[in-house]
Amino acid sequence: MPKLTISVENAEFQIIQSLKLNRAKRHKAQEVFVEGIESIKQAVSAGLEITRIITPDLDKLSGWSKDLIRSNPKAKMIEMSFDLYKSLCDRDEPSEIVITAKVDFLSMDDLQLPSKPFVLIFDRPSDMGNLGSLIRSANSFGVDAILIIGHGVDVYDPKVIRSSLGSIFHSRIVNVQSMPEFETWIANQRNTNQLSVVGTDSTGDVSLISHKLARPIAVVLGNEAKGMSVALKELCDYVVSIPVVGAVNSLNVASAGSIILWDVYKNSQ
């Protein structure tokens, strides 16, 4: 495999940097920047096409990283100065490699769901850590598809990828482009799969203690600060709440969402 050595910022470095920092560039290229060994392992496990393998010191790589290079001969092998490499990485102690990889950006038309689907809908997510954590929980509890509504943080931001521990690469995720398209899709799913649409809110009038959630279902999580939009709330069959006894009357959206997803998983076995 030919090796490219970078000691100062150049065109190749700027492409890599744009994949890390620029949402529009990621989406146009359908390519992402992946930092963190576990996330890289999951990208490999999911069969993503690796386009670049980047390191500050090729000679000091572990056997695993060298095997990765050997098994991806079409990927660009890039060695760069440690200062440049560290400027790309968010961690204080960077891992020995980072990669870039191709991903498929799905549309609503690409979703093929089972007869009793389990769908997660997240309205305008504003925190990368919350979104990544929910993607990880969704993958753990068998969610068939994740729909992102409205303008929020980018699903393929490196911080979201890292928070998901790479489970994002095993998930079917769609950025919904319009509410009319979404409403038509929901109506079709109600007709064909008897889908229930269940909202979540600390003021919901249906308690999770007394009501069991199960497939077929779409769970709706609202924006961290503003909750569900009026349009989404009107689409819900009902809104469920998680009773709490502490002084603070609500849970972080990632925690609340994980509890709801677990309940659906448990009751659908």
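Just so it is clear, none of the values below were taken in a lab; they were calculated from the coordinates. Predicted, not measured: the structure shown is a model, and the values here were computed from it. For neighbour counting, all protein chains shown are included, and Cβ atoms are generated from backbone atoms with ideal geometry for every residue, glycine included.
Numbers at a glance
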| quantity | calculated |
| --- | --- |
| Ranking of ILE15, ILE161 by count of other Cβ atoms within 10 Å, fewest first | ILE15, ILE161 |
| Cβ charges +1 (Lys, Arg) and -1 (Asp, Glu), total dipole of the chain, debye | 420 debye |
| Where Rh is the Kirkwood radius over Cα pairs, Rg/Rh for region 3-102 | 0.92 |
| Charge dipole (region 108-267, unit charges on Cβ, about Cα centre) - positive-most of SER241, SER140, GLN194 | SER140 |
| Theoretical gain in end-to-end length, LYS74 to SER210 [0.36 nm per residue, Cα-Cα removed] | 43.4 nm |
| Expected 222 nm ellipticity per residue - DSSP helices of 4 or more, -39500 (n - 2.57), all of the chain, to 500 | -10500 deg cm²/dmol |
| Leading residue at positive end of dipole, the chain (Cβ point charges), from VAL230, GLY129, LEU4 | LEU4 |
| Acute angle (nearest 10 degrees) that the helix 179-193 long axis makes with the longest principal axis of the chain, alpha-carbon atoms | 70 degrees |
| (1) 1.06; (2) 1.11; (3) 0.97, with the label sought being that of the calculated Cα Rg over 2.2 N^0.38 Å | (2) |
| Counted charge near THR200, where neighbours are those whose Cβ lies closer than 14 Å (Asp, Glu -1; Lys, Arg +1) | -4 |
| Rounded to the nearest 20 debye, dipole of region 29-146 from Cβ charges on Lys, Arg, Asp, Glu | 280 debye |
| The chain: relative contact order in percent, alpha carbon pairs under 8 Å with at least 6 residues between | 20 percent |
| Whether region 170-214 is rounded, prolate or oblate, judged on the alpha carbon gyration tensor where a/c under 1.5 counts as rounded | prolate |
| Proxy reagent accessibility, fewest Cβ within 10 Å first, across LEU134, LEU106 | LEU106, LEU134 |
| Gaussian network model of the chain, springs between alpha carbon atoms under 10 Å - residue of ALA218, ALA29, ALA11 with greatest fluctuation | ALA11 |
| Simple spin-label estimate for HIS151 and LYS226 in nanometres, 7 Å along Cα-Cβ | 1.1 nm |
| Between 0 and 90°, nearest 10: helix 253-267 axis offset from the chain longest Cα axis | 70 degrees |
| Residue among THR203, THR55, THR100 with the largest mean-square fluctuation in a Gaussian network model of the chain, springs linking Cα atoms under 10 Å | THR203 |
| For region 30-53 versus region 135-160, the gap between their alpha-carbon centres in whole angstrom | 17 Å |
| Nearest-0.05 FRET efficiency for ILE37 and ASP109, computed from C-beta distance (R0 41 Å) | 0.75 |
| Order of ASP201, ASP92, ASP123, ASP110 - criterion: other Cβ atoms within 10 Å of each residue's Cβ, fewest first | ASP92, ASP110, ASP201, ASP123 |
| Given LYS3/LYS159; LYS60/LYS102; LYS41/LYS159; LYS20/LYS86; LYS60/LYS159; LYS28/LYS86, the pairs whose alpha carbons are separated by over 19 Å | LYS3/LYS159; LYS60/LYS102; LYS60/LYS159; LYS28/LYS86 |
| Shape of region 143-269, Cα gyration tensor, a/c cut at 1.5 | rounded |
| Additional length obtainable on full extension of the chain from ALA24 to THR192, 0.36 nm per residue less Cα span | 57.0 nm |
